[in-house]
Amino acid sequence: MKKKLKKYKFDFPVIIAFALFIAGSYLFKYNPGISIFQDNFWTFLKEMILALPVMFILVGLFDVWVSKERVQKHIGNASGIKGIILIILLAFLQAGPLYAAFPVAYILWKKGTSARNIFIYLSAVSIAKIPMLTFEIGFLGIKFSLLRIFISIPIFIIIGTIMGKYFTKNKCEINNG
Amino acid sequence: MIQIIIILTAILTLISFIFDKKKTIKGIKKGTMMFLKILPTLLSVIILVSVVLYFVSDEVLMEYLGKDAGLGAYLSAAIIGSVSIIPGFIAYPLAGILLKTGVSFSVLSVFITTLKMVGILTIPIEAKFFGLKIAIIRNAFSFIGAILVGGSMALIYYYL
């Protein structure tokens, strides 16, 4: 129990302080506090409560059903360009915020995905999820979106390759949160 | 979109359950445990983001990214974009408004790319999975990458 609490030594004080601040804000009708809670916190919480548990259940099911050999073959160390294309497609289909992609990265890594592909995956998730793209095109136009994506792809493949090399060289690991 | 994913997950879970009850329960348990483990960190990050976003209001953005802001607008765009995490369904309508108030496409491209690629405030979550060092290095690289993307787009928009 003590060890567990230590793991969250920054998180619990933040949560408790925020809870007190919000309770106080409502009690004394302090508008900035109410606005932070209603407009910001509540919006994020709703997004998270919907997207994340679903993501985690998918990750759990993926874990028990998909074999390591299969993952390794398609997006593992020897997967080459085909692996890069596959991992980018997987990323583009995803929904939810970037932090929902970390558990997916963990399970992909555990199943034998190459480090390079893990980092390409993280960048790809952050730049172009198809659900968000429709939004972007609506507000900023298709030229903006296409330019952004086509310029981004080579750059994040380079970043992924560098990060993958560093990761492997330093024998880094990905933990389950 | 999220509704589709929820329905899809429900269907997949059901199919999985029909094929193998034990495996499915094991999978769901694993997923739930992972979620609960990360929940406190997630909550504290969301709290920090909510507070930071309060200070980055639409008016502040217009002032710092607007057409009178000059080269500083690019710098502000990169800094604000890196620090904030704004979900797409808020960020894009906001970008649309900024565009109408005279913020240029070039500045917006720097803002949107850093916003999407760099998450300084989510480093605590990332560090739980990857370790602090990797999380920082990855975000640093993403920042450089985002500047390159935003910069190239800015040039294209400036000259075309």
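Worth a mention:
- Qualifying residue in the range B:50-70 (condition: open to solvent by 40 Å² or more (accessible area, probe 1.4 Å), more than 7 Å from chain A (Cβ to nearest Cβ), over 24 Å from the mean Cα position of the chain (by Cα) and touching a residue at least 24 places away in the same chain (Cβ under 8 Å)): yes
- The single condition from (1) touching a helix residue (DSSP H, G or I) at 6+ places or on another chain (Cβ under 8 Å); (2) in the same structural domain as residue A:155 (by TED's automatic domain parsing) that residue A:57 fails is (2).
- Scanning the range A:134-157 for residues that are buried (at least 16 other Cβ atoms within 10 Å of the Cβ) and at the interface with chain B (Cβ under 9 Å from one of its Cβ atoms) turns up A:135, A:136, A:139, A:140, A:144, A:147, A:148, A:151, A:152, A:155, A:156.
- Exactly one residue out of B:97, B:80, B:86 is touching a residue at least 24 places away in the same chain (Cβ under 8 Å), open to solvent by 10 Å² or more (accessible area, probe 1.4 Å) and not in a helix (DSSP H, G or I), and it is B:86.
- If you go through the range A:124-133 and pick out every residue that is more than 7 Å from every other protein chain (Cβ to nearest Cβ), buried (at least 24 other Cβ atoms within 10 Å of the Cβ) and out of contact with any Leu (no Cβ under 9 Å at 6 or more places or on another chain), you end up with 0.
Residues checked against (1) over 23 Å from residue A:105 (Cβ atoms); (2) assigned to a helix (DSSP H, G or I); (3) open to solvent by less than 20 Å² (accessible area, probe 1.4 Å):
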site: A:16; (1), (2), (3): yes, yes, no
site: A:21; (1), (2), (3): yes, yes, no
site: A:42; (1), (2), (3): yes, yes, no
site: A:48; (1), (2), (3): no, yes, yes
site: A:55; (1), (2), (3): no, yes, no
site: A:60; (1), (2), (3): no, yes, yes
site: A:69; (1), (2), (3): no, yes, no
site: A:83; (1), (2), (3): no, yes, yes
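- If only residues of the range B:106-115 that are in contact with a Lys or Arg (Cβ under 9 Å, 6 or more places away or on another chain) and of a type outside the set (Ser, Thr, Tyr) are counted, the one that is surrounded by the most Cβ atoms within 10 Å (Cβ to Cβ) is B:112.
- Qualifying residue in the range B:18-31 (condition: more than 10 Å from chain A (Cβ to nearest Cβ) and in a helix (DSSP H, G or I)): yes
- Of the candidates B:127, B:135, the single residue that is touching a helix residue (DSSP H, G or I) at 6+ places or on another chain (Cβ under 7 Å), modelled with pLDDT of 90 or more, within 19 Å of residue A:161 (Cα to Cα) and in a helix (DSSP H, G or I) is B:135.
- Scanning the range A:44-64 for residues that are facing another protein chain (nearest Cβ under 7 Å) and not aliphatic (A, V, I, L, M) yields A:44, A:47, A:53, A:56, A:60, A:63.
- Of everything in the range B:126-138 that is surrounded by fewer than 19 Cβ atoms within 10 Å (Cβ to Cβ) and not hydrophobic (A, V, I, L, M, F, W, C), the residue that is farthest from the other protein chains (Cβ to nearest Cβ) is B:133.
- Among the candidates A:96, A:76, A:24, A:33, the residue that is on the phi > 0 side of the Ramachandran plot and either more than 7 Å from every other protein chain (Cβ to nearest Cβ) or in contact with a strand residue (DSSP E or B) (Cβ under 7 Å, 6 or more places away or on another chain) (or both) is uniquely A:96.
The values are calculated or read from the model by the stated rules, or taken from the named source; none is laboratory data. Every value quoted in this text rests on a predicted model; they were computed, and no experiment measured them. Positions of Cβ are generated from backbone atoms using ideal geometry, with glycine treated the same way; all protein chains shown enter the neighbour counts. For the accessible areas, the whole protein counts, side chains as well, though only heavy atoms, and no ligand, DNA or RNA atoms are used. Shrake-Rupley method; radii C 1.70, N 1.55, O 1.52, S 1.80 Å.
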